[in-house]
Amino acid sequence: MTIPTEHQEQVELVKWMRQTHPQHRIFAIPNGGHRSKTTAANLKKEGAVRGIPDLFIPSLNLWVEMKRTKGGVTSPEQKDWIAYLQSIGHRAEVCKGAEAAKAVILKYL
């Protein structure tokens, strides 16, 4: 059995959220992926930083860092951002797969 990628897990979660809880907006922070050096430099100048969680749900004050169900690793930068966000009163969670993320969201609804 093939383990879904982080991308596939995130797509599933966003689709579920938008279909079942459309009153709670969710959006992605596209920090990942391969970019040219010029694009990466421009994004950095615009304020992009490493480690920001993948998704944000403003109405729940909830940041979600998506991982695969098996094999996903939280980077030091991600751990730092999650700790920072929690220290200033935000909710920030690492979720291994869409089902784990759904459970976290339902906990806060």
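Among DSSP bridges having both ends in the chain, what percentage is antiparallel? Round to the nearest 5.
Expressed as a percentage, antiparallel bridges in the chain total about 45.
Where does the charge balance sit around I57 when Lys and Arg score +1, Asp and Glu -1, over other residues with C-beta under 10 Å from its C-beta?
The answer is +2.
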- request: Step through the residues of segment 79-95 one at a time and calculate ³J(HN,Hα) from phi using the Karplus curve (6.51 cos²θ - 1.76 cosθ + 1.60, θ = phi - 60°), rounding each to whole Hz and writing x for Gly and Pro.
  value: 4, 5, 5, 4, 4, 4, 4, 5, 5, 9, x, 8, 8, 8, 9, 9, 10
- line: Within the chain, pairs of Lys residues whose Cα atoms are less than 23 angstrom apart, provided they are eight or more positions apart or on distinct chains, add up to 20
field: segment 1-17 versus segment 42-85: alpha-carbon centroid distance in Å
entry: 16 Å
- prompt: Once segment 25-73 is represented by equal point scatterers at the alpha-carbon sites, with solvent omitted, what log10 I(q)/I(0) does the Debye formula produce at q = 0.17, 0.22 Å⁻¹?
  reply: -0.63, -0.89
query: How do the peptides 46-52, 56-62 rank, highest first, by the average count of neighbouring beta carbon atoms within 10 Å per residue?
result: 56-62, 46-52
With every protein chain in place, the chain: carbon and sulfur % of accessible area (1.4 Å): 56 percent
- prompt: For L13, what charge total do you get from the other residues with a beta carbon under 13 Å from its beta carbon, if Lys and Arg give +1 and Asp and Glu give -1?
  reply: -1
message: Regarding segment 1-54, what's the average projected area of the Cα-atom convex hull, expressed in nm²?
response: 5.4 nm²
- prompt: What is the ratio of the Cα radius of gyration of the chain to 2.2 N^0.38 Å, where N is its residue count, to two decimals?
  reply: 1.08
- prompt: Going highest first, how would you order 78-88, 93-103 by mean Cβ packing within 10 Å?
  reply: 93-103, 78-88
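The values are calculated or read from the model by the stated rules, or taken from the named source; none is laboratory data. Being a predicted model, the structure only gives us computed values, none of them experimental. All Cβ positions, glycine included, derive from the backbone under ideal geometry; neighbour counts span all protein chains shown. The protein model used for the area step is the full one, side chains on, heavy atoms only, and it has no ligands, DNA or RNA in it. Shrake-Rupley method; radii C 1.70, N 1.55, O 1.52, S 1.80 Å.
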